[in-house]
Amino acid sequence: MRQPPHTTSVPATLGVAGTWRRGPLGTIWRHRWPLLFVSPFFILFAVFALYPIFFSLYLSFHEWRGVGVMRPVGFANYTRLFGDRIFWGSMLNAVLLFFIYVPLMTFLAVVIATVLHGSFLKLQGMWRAIIFMPHLTSMVAAGFTFRLILDTHSGFANQALAALGISPVPWLDDMWWARISVGLLMIWAWLGYNTIIMLAGLQTIPIEVNEAASVDGANRVQVFFRITVPLLKPVILFAVTLSIIGTFQLFTEPYILTGGGPIRATETPVMQIFSSTFANLRFGYAAAMSYVYFITIIVLAIVQFKLVTRGDR
Amino acid sequence: MTSIAARLLLTSLLLVFGALSLAQTPADALVPNPDLHASLEIWSWEGATGALQAADAEFAEYYPNIQITYVNRPTGDNYQQIQLGAVAGGGLPDVANIENSHLRQFVELGILYDMTERLEPYVPLMNAFKWREAEMDGRYYAMPNDSGPVALFYRRDVFEQAGVDPESIQTWADYYEAALTIKAETGLPMWQQATARNNARLFEILMWQRGAGYIDADGNVILDRDERILEILEFMGRFWQEGLAVDAEEWTDSWYRNFDEPAVASHPGAVWMGTFFKAWIAPDSAGQWGVVRLPAWEPGGSQASNDGGSSLVIFEQSTQKEAAWAYVEFHLGRTASQLDMFIASDIFPSLETVYADPYFAEPDPYYGGDMVRELFTQIVQEIPEAGIYNVDYQEMNGLMAEQIQRFAIGQISASEALAAAAREIRSRTGRR
């Protein structure tokens, strides 16, 4: 009879060396090969995720310019942060941006996904590829292109509006229009991504439900609002949660399109963290910012989750 | 053999002494040194690299075994890369070109090579105001590259059409009157100043002209304490309020086009605008632009200011400091190199020994034969000391620009803008 290998007891002949092989270290030793093979992930995770997380927490209680000595300052960074008009302004910008583009984008994603899911559409693969394509485009290139299109004086957008007899819109030169412009870029870039998520969700809804509704006399719009959307709710919730995180993490889009202006109207928290670190060399303060911002995102995600799932009990 | 050797020795001695007798700077007496072997990396940006390269062919004759590689990036990207390299303790080049506006931050970080002993002979030979950011506690960490003397660029065609004589504009009050006339006669605004996308650069130029700034010599914030600064911002405000300014963001297509069309009558700007005018903003407008001194704030007051300008630094991390210094000194300390760079690019030398060259006494055809080069050599030596470029410049500029934007679109008054900017700067930088 053979014993299963992982329960093999250590032969007594190993003597002193055998004693530690019976403890938790022994377990590790016995699984050394599988552990070795999964170790790259954990090593990389520790170096590039765990270490920065703890180091930035440590950093947030210090004053440091990136070079030289770190000076411990206790909670000073955090107390100063609570009175920082510009940081809270950037958080408010993220909230405003969220309401400018996420509801519209999510709604469009569900509608387009429903259309793409329908059996009446030909060349489905092509349409799906087209709608997803912007997401694959370099955001820097897209941002520059949008900047050219939206230029108040020479942009294509205003030329097109002029042809329709509409006076030029200060797309990037007005606080609210600039936020809307960033929202437009976001929708352009992320609509396809959200559509794919919704499509995946639609495929989990049994076709019989829709058929039953049609048999009962519901038209397409009714089926959409009464059947599709409620059944898709967990997927929509997932997509919106991703959008919350994505909006607060916004950086490249406004950085390229508006530079955070005008008058900081499109400056996001990550842009603030970035400029505090690299323009102003306040590493500790920026670390404190990222912690406050991280906790805010978690709280918002939980609140949103509770609000949406409240009626489900 | 001996006679040939002796003759060679004699010739080289003659060459050395010949060079020495003409030498105005230590670098003017340099002799070729093929023993220095190195491969240097230099970080800069496109326009500035073009100027440095104008001296590279001769550099290669003097130092045949030093290879040079330039890395061009937008300046902001360079500064981030330098900060990353400083934090990481590696990855920095040997030499970098840094704008004086951003230089002080790197000096105080302690990542630059202390060049005091090498630079001391050059201190009296270069524009005095350029050392302000390079020197800390009596030690020198950067060598001035170019200066940004400011003057008033004006469109001859527009001024003529309006019947305004640019020489008659002696004070900013005269300038405002001329703006009204030009607006009435030609319909054109006097200058380009963005409102919601203002970058505070003109505001800084005007502060610099008066020897004012964000801070005084002790580092205390004076934005809300100096009446002259309020006067400057209110003056700028009149141009927005009365339609005498074009609202165009700097360095955008509209901004360029307005200069060329022309959709604007004048531009208070630094000498290096010539580089851009000639190269691509308005190459076809040759002869249409003229240059006069800035108007004064009060009769007889200062008519000189500065905008921008850069310096070369060597990083402490570099393992080729000897060769790096050879590069820096040859390009910036040698009269002939600086002249080549200026001729090639309009990047204005900080090295004053160049100004005596006949080239500076010649008229500039682009400016309709105005003696622009000579004018700038006079202006550059009159630039007042001002508390604008300092260790916190980036932050101060950003905070001030935001308040100017609010003022420009009419959200707040000039004094509220200055008070708000001063308050923010104090709370963020811990200054008084």
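Throughout, read-outs are computed from the coordinates displayed, never taken from laboratory work. Values in this document were obtained by computation on a predicted structure and should not be read as measured data. Reconstructed Cβ throughout: ideal geometry from the backbone, glycine too, with neighbour counts over all protein chains shown.
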Counting Lys and Arg as +1 and Asp and Glu as -1 over every other residue whose Cβ sits under 12 Å from the Cβ of B:Q170, the net charge comes to -4
Of B:A279, B:A344, B:A134, the most mobile residue in a GNM of chain B (C-alpha springs, cutoff 10 Å) is B:A279
Per the rule of 0.36 nm per residue minus the C-alpha distance, extending B:R432 to B:Q411 adds in nm 4.9 nm
Scalar couplings 3J(HN,Hα) for region B:29-37 by Karplus 6.51 cos²θ - 1.76 cosθ + 1.60 (θ = phi - 60°), nearest whole Hz, x for Gly and Pro, are 9, 4, 10, x, 9, x, 7, 7, 10
Of all C-alpha pairs within the protein assembly as shown, those more than 51 angstrom apart amount in percent to 28 percent
Helix B:335-345 sits off the longest principal axis of the Cα atoms of chain B, rounded to the nearest 10 on a 0 to 90 degree scale, by 40 degrees
Computed for chain B: size of charge dipole around the Cα centre, +1 on C-beta of each Lys and Arg, -1 on C-beta of each Asp and Glu, debye to nearest 20, value 520 debye
Any residue on another chain or 5+ positions along whose placed amide H is under 5 Å from the amide H of B:I68 is listed here as B:L40
Zone reached by a paramagnetic label modelled 7 Å from A:Q222 Cα along Cα→Cβ, restricted to region A:112-138 with backbone N below 18 Å, covers none
Expressed in nanometres to one decimal, the distance between label points 7 Å along Cα→Cβ at A:V95 and A:Y58 is 3.5 nm
Of all DSSP beta bridges having both residues in chain B, the percent classed as antiparallel (nearest 5) is 65 percent
Relative contact order of region A:86-309 (C-alpha contacts under 8 Å, at least 6 apart) in percent is 28 percent
Within 10 Å of the Cβ of an average residue in A:148-159, the count of other chain Cβ atoms is 2
Of the convex hull drawn through the C-alpha atoms of chain B, the volume per residue in Å³ is 144 Å³
For B:N145, the residues 5 or more places away or on another chain with a placed amide H closer than 5 Å to its own amide H are B:S310, B:S311, B:L312
Computed ³J(HN,Hα) along region B:228-240: with the Karplus parameters 6.51/-1.76/1.60, θ = phi - 60°, integer Hz and x for glycine or proline, the list is 5, 5, 4, 4, 4, 5, 5, 4, 4, x, 4, 5, 6
From the Cα centre of region B:153-200 to that of region A:254-303, the distance in Å is 41 Å
With R₀ set to 25 angstrom, the calculated FRET efficiency between the beta-carbons of A:V209 and A:Q304, to the nearest 0.05, is 0.40
Which residues qualify? For B:Y140, with a placed amide H closer than 5 Å and at least 5 residues away or on another chain, they are B:M115, B:T116
Restricting to aspartates and glutamates and to Cα separations under 13 Å from A:K122, and discarding same-chain partners fewer than 8 apart, the set is none
Between B:R139 and A:V69, Cβ-based FRET efficiency (R0 22 Å, step 0.05) works out to 0.65
The lysines whose Cα lies under 19 Å from the Cα of A:K306, excluding any fewer than 8 residues away in the same chain, are A:K233
In debye to the nearest 20, the charge dipole size for region A:86-309, taken about the Cα centre with +1 at each Lys and Arg Cβ and -1 at each Asp and Glu Cβ, equals 200 debye
With -39,500 (n - 2.57) per DSSP H segment of 4 or more residues and division by the full residue count of chain A, the 222 nm estimate, nearest 500 deg cm²/dmol, is -21500 deg cm²/dmol
Computed, not fitted: 222 nm per-residue ellipticity of chain B from DSSP H runs ≥ 4 (each -39500 (n - 2.57)), nearest 500, equal to -13000 deg cm²/dmol
Per-residue Cβ contact counts at 10 Å, fewest first, order A:M175, A:M105 as A:M175, A:M105
Percent antiparallel among DSSP beta bridges confined to the protein assembly as shown, rounded to 5, stands at 70 percent
In chain A, whole DSSP H helices that both stretch 27 Å or further along their axis by alpha carbon positions and average at least 0.0 on the Kyte-Doolittle scale are A:85-117, A:175-202, A:229-248, A:283-309
